Amino acid sequence: MPPVEADTDRLRADVENVLLAGPVGDAAGAVPVPVTRERVSAWLDAGGFTYFVDTDGDLGGIWHGRVFYFLVLGDDGQVLQVRGQWHRQATIERLGDILEICNAWNADRIWPKTYTRVRDDGAVVVCAEVTVGVEHGASDDQLGQLLECGLSTGAMFFEHLDAAFPDPLGAAP
């Protein structure tokens, strides 16, 4: 499927904002500090987001009807990952179609990385993730940009999937 032009333009602008944004305001002199779950939680609190902590201590929430997790990985929190999952599952017969969409997205865009998982029952789960090395820490503004990038680009990919595979229950009979 060809990408939706509005999505492509919006994604390009989001990526450019993250990559090209220079220090602003207080961030100009901000010293990067280690990225922790507590800092991610503080960002979520400051944004007024509702979220949960699962049994592993990972932070997650629902944005635009999709579950996203915010993971701080590595012994010293050197990797930040925002991972989302599409709100629907597909049958194994649709795997080829979905893989084509994921591969086309990954070939044309930096973020998010998109992929599928096939469960034991044959259900296809579609994921999107933004993974960033933060071994040198991040300022509050940088952390916010990374988290927003993970959420916005993941949501854009899932909207792209929704357009390719419209929900049959979303239309009147």
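Rule-based calculations on the coordinates, nothing more; no lab input. Worth saying up front: this structure is predicted, and the values here are computed from it rather than measured. Because the Cβ atoms are built from the backbone with ideal geometry, glycine has one as well, and the counts that use them run over all protein chains shown.
Just a few scattered comments:
- Any hit, the range 72-87, residues being in contact with a Cys (Cβ under 7 Å, 6 or more places away or on another chain) and not small (G, A, S): yes
- Taken over the range 27-64, the residue count meeting the criterion of being closer than 18 Å to E129 by Cβ and surrounded by fewer than 11 Cβ atoms within 10 Å (Cβ to Cβ) is 2.
- Some residue of the range 93-105 being surrounded by fewer than 20 Cβ atoms within 10 Å (Cβ to Cβ) and under 11 Å from the mean Cα position of the chain (by Cα): no
- Tally, over the range 117-141, of residues that are surrounded by fewer than 19 Cβ atoms within 10 Å (Cβ to Cβ), over 14 Å from the mean Cα position of the chain (by Cα) and not charged (D, E, K, R): 8
- The residues in the range 107-119 that are in contact (Cβ under 8 Å) with a residue 60 or more places away in the chain and either part of a strand (DSSP E or B) or of a type in the set (D, E) (or both) can be counted, and the count is 1.
- One residue stands out in the range 65-77 among those that are surrounded by fewer than 16 Cβ atoms within 10 Å (Cβ to Cβ) and not hydrophobic (A, V, I, L, M, F, W, C): the one that is nearest to P34 (Cα to Cα), namely D76.
- Within the range 120-137, tally of residues that are part of a loop (DSSP other than H, G, I, E, B) and of a type in the set (A, V, I, L, M, F, W, C): 2
- Test result for T91, hydroxyl-bearing (S, T, Y) and touching a helix residue (DSSP H, G or I) at 6+ places or on another chain (Cβ under 6 Å): no
- Close Cβ contacts (under 6 Å, 6 or more residues apart or on different chains) running from residues in the range 81-98 that are free of Cβ contacts under 8 Å to residues at least 60 places away in the same chain and part of a helix (DSSP H, G or I) to residues that are among the β-branched types (V, I, T) and surrounded by 18 or more Cβ atoms within 10 Å (Cβ to Cβ) comprise L95/V124.
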